[in-house]
Amino acid sequence: MTWDLVWSSLGPLLLGAVQATIPLAVASFVLGLIIALLIALMRLSNNIVLSGIGRFYVSVIRGTPLLVQLFVIFYGLPSLGVKLEPWPSAIIALSLNVGGYAAEVIRAAILSVPKGQWEAGHMLGMSRSQSLLRIILPQAARVSLPPLSNTFISLVKDTSLASLILVSELFREAQQIAAVGGEFMTLYLEAAVIYWLICLILSTVQSILEKRLDRYVAH
């Protein structure tokens, strides 16, 4: 009976992963990286106001639970006259969360690039922004790949919280199927295995990318 349930529920769970969990994670991560880069540059700015705003943003995001952030956006904003559907709410909350954590990763990666690289760009006639785009960020990207990959893997797991704001992703599918037959342990374990396999694949891809990028590093 248990195995029959596993096989019959496998399709809906995988469909939830393909149609919701993975797209939600990818969309949130891409937007989160854009936010993170902006916040990182603000943190590195000599402008006290911009630096302060960046520092405050990181402090708020890292100092509050993701679940609270989801609830504030989905359940709290309607009281201010702003009502969002579950999907946009989840993407906004997850993107803002990624932005707060990834910003520090990117900032540290930029700071790890030797100052001589900035000077080299200047000697080549590049402006500071050109040096940033053509010289600094490519080197920082290699340094930040492992921690950013870990951030993405964590994000895939964090998408399960979106089930609490009615997003029909993998975990919510498991909840709905379990509620019908009462087999909560079986369905939750099955969902856990699927999450684990997704993260295992992502970890393998991360290792391959790191090895390829390592070819361009002088030893």
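Here are some notes:
- Leu161 closer than 28 Å to Asn46 by Cα and either outside any helix (DSSP H, G or I) or modelled with pLDDT of 85 or more (or both): no
- When restricted to residues that are surrounded by 14 or more Cβ atoms within 10 Å (Cβ to Cβ) and under 19 Å from Thr151 (Cα atoms), region 171-208 contains 7.
- Boolean, Val72 is assigned to a helix (DSSP H, G or I), β-branched (Val, Ile, Thr), under 17 Å from the mean Cα position of the chain (by Cα) and surrounded by fewer than 21 Cβ atoms within 10 Å (Cβ to Cβ): no
Quick grid of which residues meet (1) over 22 Å from Leu14 (Cα atoms); (2) hydrophobic (A, V, I, L, M, F, W, C); (3) at pLDDT 85 or above; (4) assigned to a helix (DSSP H, G or I):
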position: Ala178; (1), (2), (3), (4): no, yes, no, yes
position: Leu189; (1), (2), (3), (4): no, yes, yes, yes
position: Ile194; (1), (2), (3), (4): no, yes, yes, yes
position: Leu197; (1), (2), (3), (4): no, yes, yes, yes
position: Leu200; (1), (2), (3), (4): no, yes, yes, yes
position: Val205; (1), (2), (3), (4): no, yes, yes, yes
position: Leu209; (1), (2), (3), (4): yes, yes, no, yes
position: Leu213; (1), (2), (3), (4): yes, yes, no, yes
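- Residue, nearest to Ile201 (Cα to Cα), within region 154-169, restricted to residues that are polar (S, T, N, Q) and touching a Lys or Arg at 6+ places or on another chain (Cβ under 9 Å): Ser160
- Each residue in region 35-69 was checked for being among the β-branched types (Val, Ile, Thr), closer than 12 Å to Leu96 by Cα and assigned to a helix (DSSP H, G or I), and 5 of them qualify.
Here's the yes/no breakdown for (1) out of contact with any strand residue (DSSP E or B) (no Cβ under 8 Å at 6 or more places or on another chain); (2) loosely packed, with under 15 Cβ neighbours inside 10 Å; (3) of a type in the set (Asp, Glu); (4) farther than 18 Å from Phe29 by Cβ:
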| position | (1), (2), (3), (4) |
| --- | --- |
| Ser127 | yes, yes, no, yes |
| Gln130 | yes, yes, no, yes |
| Pro138 | yes, yes, no, yes |
| Lys157 | yes, no, no, no |
| Leu164 | yes, no, no, yes |
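- For first residues located in region 52-77 and closer than 19 Å to Leu155 by Cα, partners that are polar (S, T, N, Q) and outside any helix (DSSP H, G or I) and lie 6+ apart or on another chain with Cβ distances below 9 Å form the pairs Val72/Thr64.
- Count of region 182-209 residues which are within 15 Å of Leu155 (Cα to Cα) and of a type in the set (S, T, N, Q): 2
- For region 117-138, the criterion of a residue being aromatic (Phe, Trp, Tyr), under 30 Å from Gly11 (Cα atoms) and part of a helix (DSSP H, G or I) is satisfied by no position.
- Options Gln139, Gln130: the member that is modelled with pLDDT of 80 or more and not hydroxyl-bearing (Ser, Thr, Tyr): Gln139
- Number of residues in region 1-51 that are of a type in the set (Ser, Thr, Tyr) and either touching a residue at least 60 places away in the same chain (Cβ under 8 Å) or buried (at least 16 other Cβ atoms within 10 Å of the Cβ) (or both): the value is 4.
The values are calculated or read from the model by the stated rules, or taken from the named source; none is laboratory data. Given the structure is predicted, the values throughout are model-derived calculations rather than measurements. Here the Cβ is made from the backbone with ideal geometry for all residues, glycine too, and neighbour counts use every protein chain on show.
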